[in-house]
Amino acid sequence: MSSHIVGSHALTKHMESNILKTSQEAKNARLQNPMVIDATVGQLNSENGTLFRYLAVDRQLKELNDQEMYVYAPVNGSKNFSEGVIDWVFGKHKESILKSFMVNVIPTTGGSGALSNTIYNFNDFGQKVLIPNYFWTPYENIAEEANLGVETFRMYDDEYRFNVDDFERKAKELSARQGRLFFLMNDPCNNPTGLCLTTDQWRQLIAVLNEIAARDIPVILLHDIAYIDFQMKPEDQSRDIFTAYLDLDPRILAVIAFSGSKTFSMYGFRIGAQIGLSKSKQVMEDFKRVGDYSVRARFSSVSRPAMSVIGKIFATPELNVGFKAELAEARSILEKRIALFQSCADLEGLKYLPYGGGFFIGVETKNCRIFEDLVADGVYVIAMPGLIRIALSSVNLNDIPRLVKAIKKNV
């Protein structure tokens with residue numbers, strides 16, 4: 001028996017890295033000195049420094065009636081939202097996905113809610129979740145909150161290609177050791193690196209998962225697609241990675257974590273979806289049963305205004321077309337910032353990780369004081385083990401040359 005006010009399972013809880021806290025420090029510093037560069041938070045800002053807002057979202061928010069605004073959201077989602085998110089996520093590959101899989105959508109409080117529910121329900125306490133060695137640090141918090149740990153594989157090989165070989169080695173070791181494999185991958189537009197896997201690389205990953213599942217070991221793939229709509233490729237190619245899913249072993253559960261926060265700039269509304277796919281009826285019954293239970297136990301239901309707005313944009317052709325045009329503008333803002341960063345970095349001799357899309361670009365470093373050194377030069381980034389994450393989503397073009405020089409000086 002413990003006399004401590006905190007439960008024994010919570011005694012070791014301590015936030016080692018808090019991205020939102022660091023971002024607030026950067027905002028406060030910028031208020032004191034407008035020359036401070038804030039490259040901390042995953043939020044898309046316009047060139048004037050304010051949040052990039054979509055007119056399609058704003059207009060629909062202002063037109064919601066009381067039913068659409070104030071009542072509880074349906075636990076299983078409105079028809080427009082739940083059917084629309086399948087259309088949106090899979091695009092032109094929707095029909096082949098629905099033909100090959102049973103699919104179920106559970107609305108969640110942001111992509112984080114989808115991650116948290118899945119990690120909690122599909123692992124045994126004390127086990128480990130497999131992730132790349134460069135990862136969004138809250139993954140570790142979410143795992144620990146579920147009485148789990150994380151195990152990493154090397155994201156890159158020596159040529160800075162995605163390291164399928166090390167993934168295979170670690171996946172087989174971990175699954176043999178604990179009798180289960182739970183693999184979490186943030187792609188495309190990886191946070192913190194900007195990496196985008198190819199369809200062929202996804203096929204290689206799935207081949208490894210299939211080999212493990214064939215040994216009667218439970219295999220769960222959790223696919224975090226938070227930044228899927230910010231790839232630097234034509235829109236009609238942006239969902240091609242899902243063709244690799246068609247090869248999944250029938251015993252595998254795939255769960256896609258969708259973030260309405262990122263796609264629609266509705267960060268404060270906390271809206272997302274947990275999309276389960278399997279070729280097994282029993283697996284999908286289990287997914288829905290435990291998912292519905294956790295929604296009720298953890299947050300009851302999601303934001304009704306956000307579900308209403310996103311559902312309308314999904315279901316109304318003219319709204320959908322207009323929103324996609326605005327989304328293309330958002331990608332264009334990012335593309336210009338990335339291009340300038342890469343051009344300046346190349347001139348300065350600053351090496352950066354391969355970038356395929358998203359809000360962030362990564363720079364490796366051996367300087368364990370990189371955060372403090374950059375702050376001394378008026379620059380805020382997110383420092384991670386061996387890496388700094390640079391959120392170009394929130395840095396205007398005029399600040400990028402100075403940002404690159406500061407990083408080159410201190411890296």
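The values are calculated or read from the model by the stated rules, or taken from the named source; none is laboratory data. Quantities reported herein were computed from a predicted structural model and do not represent experimental measurements. Every residue, glycine as well, gets a Cβ built from its backbone with ideal geometry; the counts of neighbours run over all protein chains shown.
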| Residue count for the stretch 229-253, restricted to those that are farther than 18 Å from Asp200 by Cβ and not in a loop (DSSP other than H, G, I, E, B) | 5
| note | The residue that is nearest to the chain's Cα centre (by Cα), considering only those in the stretch 170-222 that are over 29 Å from Leu353 (Cα atoms) and charged (D, E, K, R), is Arg180
| Selected residue (only one of Lys336, Lys312 is more than 15 Å from Gly77 (Cα to Cα) and part of a helix (DSSP H, G or I)) | Lys336
| message | Restricting to the stretch 219-237, name every residue that is surrounded by fewer than 19 Cβ atoms within 10 Å (Cβ to Cβ) and either under 18 Å from Leu277 (Cα atoms) or of a type outside the set (A, V, I, L, M) (or both). | response | Lys233, Pro234, Glu235, Asp236, Gln237
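Matching residues to (1) within 24 Å of Thr109 (Cβ to Cβ); (2) in contact with a strand residue (DSSP E or B) (Cβ under 9 Å, 6 or more places away or on another chain); (3) surrounded by 11 or more Cβ atoms within 10 Å (Cβ to Cβ); (4) without any contact (Cβ under 8 Å) to a residue 60 or more places away in the chain:
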position: Ser3; (1), (2), (3), (4): no, no, no, yes
position: Lys13; (1), (2), (3), (4): yes, no, yes, no
position: Lys27; (1), (2), (3), (4): yes, yes, yes, yes
position: Asn33; (1), (2), (3), (4): no, no, no, no
position: Leu51; (1), (2), (3), (4): yes, yes, yes, no
position: Tyr54; (1), (2), (3), (4): yes, no, yes, no
position: Leu64; (1), (2), (3), (4): yes, no, yes, no
| note | Within the stretch 168-187, restricting to residues that are outside any helix (DSSP H, G or I) and in contact (Cβ under 8 Å) with a residue 40 or more places away in the chain, the one that is farthest from Tyr227 (Cα to Cα) is Arg180
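Looking at Asp58, Asp87, which one is part of a helix (DSSP H, G or I), over 30 Å from Asp240 (Cβ atoms), among the acidic types (Asp, Glu) and at pLDDT 95 or above?
None of the other options fit; the residue is Asp58.
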| request: Give the stretch 351-363 a look and list any residue that's closer than 12 Å to Ile407 by Cα and in contact (Cβ under 8 Å) with a residue 40 or more places away in the chain, or say none. | output: Gly362, Val363
| task | Within the stretch 333-356, track down each residue that is out of contact with any Leu (no Cβ under 8 Å at 6 or more places or on another chain) and among the small types (Gly, Ala, Ser). | result | Ala339, Ser343, Ala345, Gly349
| request: Could you tell me whether the stretch 74-95 includes any residue that is surrounded by fewer than 11 Cβ atoms within 10 Å (Cβ to Cβ) and free of Cβ contacts under 8 Å to residues at least 24 places away in the same chain? | output: yes
| query | Is it fair to say Leu205 is touching a Phe, Trp or Tyr at 6+ places or on another chain (Cβ under 7 Å) and not in a helix (DSSP H, G or I)? | reply | no
| query | Across the stretch 295-308, what is the total count of residues that are modelled with pLDDT of 95 or more, under 21 Å from the mean Cα position of the chain (by Cα) and in a helix (DSSP H, G or I)? | reply | 2
| request: For residues that are under 21 Å from Asp187 (Cα atoms) and hydrophobic (A, V, I, L, M, F, W, C), tally how many sit in the stretch 329-382. | output: 11
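Criterion first (in a loop (DSSP other than H, G, I, E, B), β-branched (Val, Ile, Thr) and within 30 Å of Leu319 (Cβ to Cβ)) does Val75 satisfy it? So that I can check it myself, show each step before the final result.
Details: in a loop (DSSP other than H, G, I, E, B): yes; β-branched (Val, Ile, Thr): yes; within 30 Å of Leu319 (Cβ to Cβ): yes.
Spelling it out, Val75 is indeed in a loop (DSSP other than H, G, I, E, B), β-branched (Val, Ile, Thr) and within 30 Å of Leu319 (Cβ to Cβ).
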| task | Kindly indicate whether Ile252 is crowded, with 19+ Cβ neighbours inside 10 Å, in contact (Cβ under 8 Å) with a residue 24 or more places away in the chain and more than 19 Å from the chain's Cα centre (by Cα). | result | yes
| Contacts under 6 angstrom Cβ, first residue in the stretch 211-225 being over 23 Å from Ser112 (Cβ atoms), partner polar (S, T, N, Q), 6 or more apart | Ile212/Ser175; Ile217/Ser175
| query | Are any of the residues in the stretch 108-124 assigned by TED's automatic domain parsing to the domain that holds Ala257, surrounded by fewer than 18 Cβ atoms within 10 Å (Cβ to Cβ) and touching a strand residue (DSSP E or B) at 6+ places or on another chain (Cβ under 8 Å)? | reply | no
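Could you grab me the full set of residues in the stretch 304-345 that are among the hydroxyl-bearing types (Ser, Thr, Tyr) and crowded, with 20+ Cβ neighbours inside 10 Å?
The one that is among the hydroxyl-bearing types (Ser, Thr, Tyr) and crowded, with 20+ Cβ neighbours inside 10 Å: Ser308.
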| query | Just a yes or no: is a residue in the stretch 299-307 more than 21 Å from Lys92 (Cβ to Cβ), aliphatic (A, V, I, L, M), in contact with a Phe, Trp or Tyr (Cβ under 7 Å, 6 or more places away or on another chain) and assigned by TED's automatic domain parsing to the domain that holds Cys196? | reply | yes
| query | Would it be correct to say that Glu47 is in the same structural domain as Leu246 (by TED's automatic domain parsing) and touching a residue at least 60 places away in the same chain (Cβ under 8 Å)? | reply | no
| field | So Glu159, is it out of contact with any Gly (no Cβ under 6 Å at 6 or more places or on another chain), surrounded by fewer than 16 Cβ atoms within 10 Å (Cβ to Cβ), touching a residue at least 24 places away in the same chain (Cβ under 8 Å) and closer than 24 Å to Met384 by Cβ | value | no
